[in-house]
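Each remark here refers to the structure printed beneath this line.
The values are calculated or read from the model by the stated rules, or taken from the named source; none is laboratory data. As the structure is a prediction and not an experimental result, all values here were calculated from the model. Note: ideal-geometry Cβ built from the backbone for every residue, glycine included; neighbour counts use all protein chains shown. SASA here: full protein model, heavy atoms, side chains in, ligands and nucleic acids out. Shrake-Rupley method; radii C 1.70, N 1.55, O 1.52, S 1.80 Å.
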Number of protein chains: 2
Amino acid sequence: MAKEGVLTPQSTDFPRWYQDVVAKAELADNGPVRGTMVIRPYGYGIWEAMQADLDRRIKASGARNAYFPLFIPESYLHREAEHVEGFSPELAVVTHGGGKKLEEPVVVRPTSETIINSYFSKWVQSHRDLPMLLNQWANVVRWELRPRLFLRTTEFLWQEGHTAHADEEDARAYALRILHDVYAAFMRDVLAIPVVLGRKTERERFAGATTTWTCEAMMRDGKALQMGTSHELGQNFARAFDITYLDEQGVQTYAWQTSWGVSTRLMGALVMAHGDDAGLRLPPRIAPIQAVVLVVRDEEGVAERAATMCDELDAAGIRSELDLRTDTSFGRRVVDWELKGVPVRIEVGPRDLAQGEVVLAQRVGATKEPVALAELAARVRRALDDAQDALLAEATARRDEHSHEVGGVEEAIEAAQGGFALLPATALADGAETRLNEAGVSVRCIRRHDGSLPGPADGDEGLVAVCGRAY
Amino acid sequence: MAKEGVLTPQSTDFPRWYQDVVAKAELADNGPVRGTMVIRPYGYGIWEAMQADLDRRIKASGARNAYFPLFIPESYLHREAEHVEGFSPELAVVTHGGGKKLEEPVVVRPTSETIINSYFSKWVQSHRDLPMLLNQWANVVRWELRPRLFLRTTEFLWQEGHTAHADEEDARAYALRILHDVYAAFMRDVLAIPVVLGRKTERERFAGATTTWTCEAMMRDGKALQMGTSHELGQNFARAFDITYLDEQGVQTYAWQTSWGVSTRLMGALVMAHGDDAGLRLPPRIAPIQAVVLVVRDEEGVAERAATMCDELDAAGIRSELDLRTDTSFGRRVVDWELKGVPVRIEVGPRDLAQGEVVLAQRVGATKEPVALAELAARVRRALDDAQDALLAEATARRDEHSHEVGGVEEAIEAAQGGFALLPATALADGAETRLNEAGVSVRCIRRHDGSLPGPADGDEGLVAVCGRAY
């Protein structure tokens with residue numbers, strides 16, 4: 001059906017394909033204020049599924065949800081020097097409220113370290129209060145000059161975790177637990193996106209952090225997308241906001257902290273990691289509709305039979321939807337469900353039904369086969385499991401095929417045009433990162449040669465810089 | 001335990017009692033920017049439970065969630081004359097973004113009719129697109145001069161539904177479905193708060209609506225709290241934003257619309273409808289912790305036995321928490337759980353355990369009794385059901401006792417000092433509403449004498465104005 005050309009082909013113009021699919025699958029639309037975004041019901045349904053799964057994992061890691069104000073006094077940002085330097089150029093500033101000019105302007109939160117830590121300083125008193133583990137689901141604002149739906153928007157939705165710990169080891173262990181057990185596990189097991197984990201270079205580090213850990217994925221055009229980060233803040237904010245506790249020896253000590261977040265950017269990753277020229281391909285575990293039951297022609301009680309199939313699928317724990325729009329052409333409806341990336345389509349017509357069959361069409365693999373009615377739920381379940389596995393396998397294979405070990409910076413720049421360049425970290429000395437950046441390539445992360453994370457005492461020897469062009 | 005005086009007694013100073021309990025039960029704290037609020041984990045857990053229940057009901061009513069931008073161009077608000085007049089004095093205005101002065105200032109949404117309806121005008125084309133039923137969970141900002149946590153805050157969290165329909169009857173039926181089946185049912189069956197339903201007077205109507213329907217509750221000091229509203233917008237916004245559709249006869253027609261919302265104000269209602277001098281009393285269906293298992297002294301394996309009890313309660317679908325803080329005094333912990341309004345407290349000590357018993361203490365009714373271990377889950381379940389019923393019965397009885405039929409405005413003002421005054425609607429003529437307002441009393445809603453809602457053609461005869469002092 002992709003022949004009909006609803007979308008610009010990926011090979012012709014990947015960014016335009018992205019824009020087309022976000023619009024035509026009804027995921028999102030541009031807002032009236034530059035860089036803002038409307039998330040439409042179909043897109044928001046996917047985001048809600050992501051939120052529900054992540055929220056469960058975050059709570060299982062011990063953090064509790066809370067909510068802090070949107071408005072932060074401008075002066076708060078100035079308390080941590082690197083933080084204000086990093087965020088000042090992107091701030092939205094409220095100067096008037098209730099018809100009057102404000103005495104002190106307030107900024108719309110670009111992230112909430114400053115305001116949350118001003119409360120940690122009240123709430124953290126004794127070692128018994130630690131670790132203090134909080135998370136919030138919120139909107140944040142960072143003024144974007146080159147906005148792109150989901151990837152870079154002036155306002156976006158995210159979760160941001162903020163924690164305080166008694167010592168550095170506990171803070172590091174928690175930052176890494178979130179990175180591994182919450183973020184990377186969710187991305188792999190639910191979104192079917194394999195991620196490379198590593199440490200950011202000093203240049204790419206979060207403003208105010210001592211270490212930024214990151215999940216980096218490869219999109220289908222070979223470019224990298226940062227999907228989530230987990231920061232060790234050291235004692236930077238604890239010193240700026242005076243977060244101290246009385247330790248077991250009765251000594252007043254600064255807390256050690258972390259912060260971590262993933263955002264609606266994950267929506268962009270989902271689109272670009274799996275979509276093809278016919279549209280989205282949603283991993284079944286995140287798909288709001290896992291199987292659509294499409295009535296080809298409503299004759300001889302087909303609609304009723306199809307409704308019964310939906311009930312059976314729902315009863316089997318499969319999220320289904322009934323498509324009764326027989327006044328729209330069959331072909332147009334098929335194109336629409338392919339665009340929306342629904343994993344399984346069940347076509348129900350009078351002739352098949354007479355033979356006790358329906359047609360099961362799979363979005364991943366584009367297969368079509370007759371299935372006996374009695375086996376429907378079991379076959380759909382198997383198709384969903386297969387699609388989930390196939391998408392992860394395909395994305396993993398593509399990433400590995402497009403990752404190349406290189407020896408030097410110029411070679412890395414070349415290799416990064418089509419994927420990831422794996423450069424020995426020792427080659428990063430002497431302004432090499434600047435040279436990469438000038439060529440449009442960045443160091444996505446530093447990891448060990450075997451793919452594991454570097455330890456705090458690791459030297460550059462044995463470490464690899466994963467380089468790529470990036471969203 | 002209330003004797004210890006952690007809270008100002010309600011009879012001494014109800015507003016101060018409210019402030020005390022919100023702080024000491026760790027529900028919320030003031031934000032640094034005037035009128036903003038930090039919702040702490042315990043308070044946010046209650047809000048999450050409210051959201052989950054309401055979201056299920058809203059989706060069951062056919063609406064889908066979406067998300068629209070926080071920032072609205074100032075010019076959008078001017079398109080509907082009454083709307084801008086109502087909201088202008090409360091706006092927060094962003095004048096600078098990304099380090100530059102903006103060409104057109106943007107307002108932080110005080111509500112989203114204008115921005116959402118600008119998209120409805122694109123999305124609604126044919127009668128087949130109707131009804132279009134959307135909802136969003138979001139933060140909104142209305143500058144507050146006299147803020148109070150949860151009740152009036154500059155930023156608050158809410159859901160706002162926005163719908164478009166083919167005709168007035170369908171719009172009205174949907175606005176009332178939300179009022180009855182979503183809002184009032186949730187408030188009664190989950191929050192255990194009985195509400196009076198009715199229509200707002202012209203003066204109290206939402207800015208831009210043709211009719212505002214409301215849920216009004218009575219707090220324990222006899223004052224009214226507006227808990228939720230559902231508006232018929234007529235064709236006001238459809239005309240302002242050009243939302244038209246081609247009807248079945250091929251005629252271009254303006255849509256009919258509704259909007260409706262409830263907010264974190266519900267948290268304030270929950271506190272003031274049920275709380276007593278010892279603190280919150282949470283209806284079990286909304287309590288994040290339904291039963292706390294409190295280890296009196298950790299001797300002879302008491303802690304392990306208590307942990308097992310928690311597992312058993314969880315397995316029986318009862319949300320439980322284990323209190324092992326034996327280094328804090330028993331009395332102080334009891335005061336704390338009473339403050340937090342946990343419905344059931346199970347006290348576990350070595351002596352009781354030796355007899356195969358624990359002590360079950362109920363927050364509502366303040367009873368304490370020994371319970372055999374084998375019966376624990378069943379007894380806790382019954383205690384929770386009883387508490388849910390008792391709170392609703394108590395709130396209903398209080399409201400009815402403090403509602404008085406009166407004949408005229410002066411009598412209404414007097415009766416409204418201690419509750420609701422039920423005044424014949426015919427007595428509202430000739431500036432009577434102004435007289436009430438000057439005396440600090442407002443018309444909360446108009447309903448029929450039998451408690452049902454007025455129909456569109458009802459005259460004042462047979463209608464009753466429910467008057468009260470209000471939050």
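In table form, for the structure just shown:
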read-out: Test set (1) in a helix (DSSP H, G or I); (2) open to solvent by 10 Å² or more (accessible area, probe 1.4 Å) - A:His83 fails condition number; value: (2)
read-out: Filtered residues of the range B:403-438 (kept if over 28 Å from the mean Cα position of the chain (by Cα), at pLDDT 95 or above and acidic (Asp, Glu)); value: B:Glu410, B:Glu411
read-out: Criterion (without any contact (Cβ under 8 Å) to a residue 12 or more places away in the chain and open to solvent by 10 Å² or more (accessible area, probe 1.4 Å)) met by exactly one of A:Ala166, A:Ala173; value: A:Ala173
read-out: Test result for A:Asn135, closer than 17 Å to A:Glu80 by Cβ and either touching a residue at least 40 places away in the same chain (Cβ under 8 Å) or open to solvent by less than 10 Å² (accessible area, probe 1.4 Å) (or both); value: no
read-out: Residue within the range A:427-440 that is of a type outside the set (Gly, Ala, Ser), part of a strand (DSSP E or B) and open to solvent by less than 20 Å² (accessible area, probe 1.4 Å) present; value: no
read-out: Selected residue (criterion: modelled with the lowest pLDDT) from residues of the range A:351-364 that are among the charged types (D, E, K, R) and surrounded by 13 or more Cβ atoms within 10 Å (Cβ to Cβ); value: A:Asp352
read-out: Hits in the range A:246-274 - residues which are more than 11 Å from the chain's Cα centre (by Cα), among the small types (Gly, Ala, Ser) and surrounded by fewer than 24 Cβ atoms within 10 Å (Cβ to Cβ); value: A:Gly250
read-out: When residues of the range A:86-117 are limited to those that are assigned to a helix (DSSP H, G or I) and among the hydrophobic types (A, V, I, L, M, F, W, C), the one farthest from A:Asn236 (Cα to Cα); value: A:Phe87
read-out: Residue, farthest from B:Arg57 (Cα to Cα), within the range B:240-288, restricted to residues that are without any contact (Cβ under 8 Å) to a residue 60 or more places away in the chain and in contact with a strand residue (DSSP E or B) (Cβ under 6 Å, 6 or more places away or on another chain); value: B:Gln252
read-out: Checking A:Arg148 against (1) more than 9 Å from chain B (Cβ to nearest Cβ); (2) in contact with a strand residue (DSSP E or B) (Cβ under 9 Å, 6 or more places away or on another chain), the condition it does not meet; value: (2)
read-out: Condition broken by B:Ala465, with the remaining ones in (1) outside any strand (DSSP E or B); (2) touching a residue at least 40 places away in the same chain (Cβ under 8 Å) satisfied; value: (1)
read-out: Qualifying positions in the range A:151-163 - within 12 Å of chain B (Cβ to nearest Cβ) and among the charged types (D, E, K, R); value: A:Glu155
read-out: Members of the range B:122-145 that are out of contact with any Leu (no Cβ under 9 Å at 6 or more places or on another chain) and away from every other protein chain (no Cβ under 12 Å); value: B:Asp129, B:Leu130, B:Pro131
read-out: Residue, farthest from the other protein chains (Cβ to nearest Cβ), within the range A:17-32, restricted to residues that are open to solvent by less than 10 Å² (accessible area, probe 1.4 Å) and not in a strand (DSSP E or B); value: A:Trp17
read-out: Any chance A:Ile58 is crowded, with 18+ Cβ neighbours inside 10 Å, over 27 Å from B:Ile115 (Cβ atoms) and more than 7 Å from chain B (Cβ to nearest Cβ); value: yes
read-out: Conditions (1) assigned to a loop (DSSP other than H, G, I, E, B); (2) modelled with pLDDT of 95 or more; number of the one not met by B:Ala238; value: (1)
read-out: Count of residues meeting criterion [assigned to a strand (DSSP E or B) and either in contact with a His (Cβ under 9 Å, 6 or more places away or on another chain) or among the charged types (D, E, K, R) (or both)] in the range B:368-384; value: 2
read-out: Tally of residues being open to solvent by 10 Å² or more (accessible area, probe 1.4 Å) and over 24 Å from A:Gln257 (Cα atoms) across the range A:92-130; value: 11
read-out: Candidates B:Ala173, B:Ala166, B:Ala192 - the one that is away from chain A (no Cβ under 13 Å) and over 18 Å from B:Ser61 (Cα atoms); value: B:Ala192
read-out: Whichever residue in the range A:64-74 is facing another protein chain (nearest Cβ under 9 Å) and not in a strand (DSSP E or B) and, among such residues, is nearest to B:Thr153 (Cα to Cα); value: A:Pro69
read-out: Top-ranked residue of the range B:33-55 - restricted to ones that are among the aliphatic types (A, V, I, L, M) and more than 7 Å from chain A (Cβ to nearest Cβ), ranked as surrounded by the fewest Cβ atoms within 10 Å (Cβ to Cβ); value: B:Ala52
read-out: Residues satisfying the stated conditions in the range B:79-105, i.e. facing chain A (nearest Cβ under 7 Å) and under 15 Å from A:Pro105 (Cβ atoms); value: B:Ala92, B:Val93, B:Val94, B:Thr95, B:His96, B:Gly97, B:Gly98, B:Gly99
read-out: Every residue from the range A:340-365 that is in contact (Cβ under 8 Å) with a residue 60 or more places away in the chain and over 14 Å from A:Leu294 (Cβ atoms); value: A:Gly341, A:Val364
read-out: Any hit, the range B:341-350, residues being modelled with pLDDT under 95, touching a strand residue (DSSP E or B) at 6+ places or on another chain (Cβ under 6 Å), over 30 Å from B:Leu392 (Cβ atoms) and not in a strand (DSSP E or B); value: no
read-out: Number of the exception - B:Ile243 against (1) closer than 24 Å to B:Phe120 by Cβ; (2) surrounded by fewer than 21 Cβ atoms within 10 Å (Cβ to Cβ); (3) over 22 Å from the mean Cα position of the chain (by Cα); value: (2)
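Results for (1) part of a helix (DSSP H, G or I); (2) closer than 30 Å to A:Met272 by Cα; (3) open to solvent by less than 30 Å² (accessible area, probe 1.4 Å), shown as yes or no for each residue.
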position: A:Ala287; (1), (2), (3): no, yes, yes
position: A:Glu312; (1), (2), (3): yes, no, no
position: A:Gly317; (1), (2), (3): no, yes, no
position: A:Thr328; (1), (2), (3): no, yes, no
position: A:Ala366; (1), (2), (3): no, yes, no
position: A:Asp386; (1), (2), (3): yes, yes, no
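Results for (1) part of a helix (DSSP H, G or I); (2) within 23 Å of the chain's Cα centre (by Cα), shown as yes or no for each residue.
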residue: A:Gln10; (1), (2): no, yes
residue: A:Tyr42; (1), (2): yes, yes
residue: A:Ala49; (1), (2): yes, yes
residue: A:Arg79; (1), (2): no, no
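To keep it simple, each residue is scored yes or no on (1) touching a residue at least 40 places away in the same chain (Cβ under 8 Å); (2) of a type outside the set (D, E, K, R).
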residue: B:Leu77; (1), (2): no, yes
residue: B:His83; (1), (2): yes, yes
residue: B:Phe87; (1), (2): yes, yes
residue: B:Glu90; (1), (2): yes, no
residue: B:Val94; (1), (2): no, yes
residue: B:Gly98; (1), (2): no, yes
residue: B:Leu102; (1), (2): no, yes
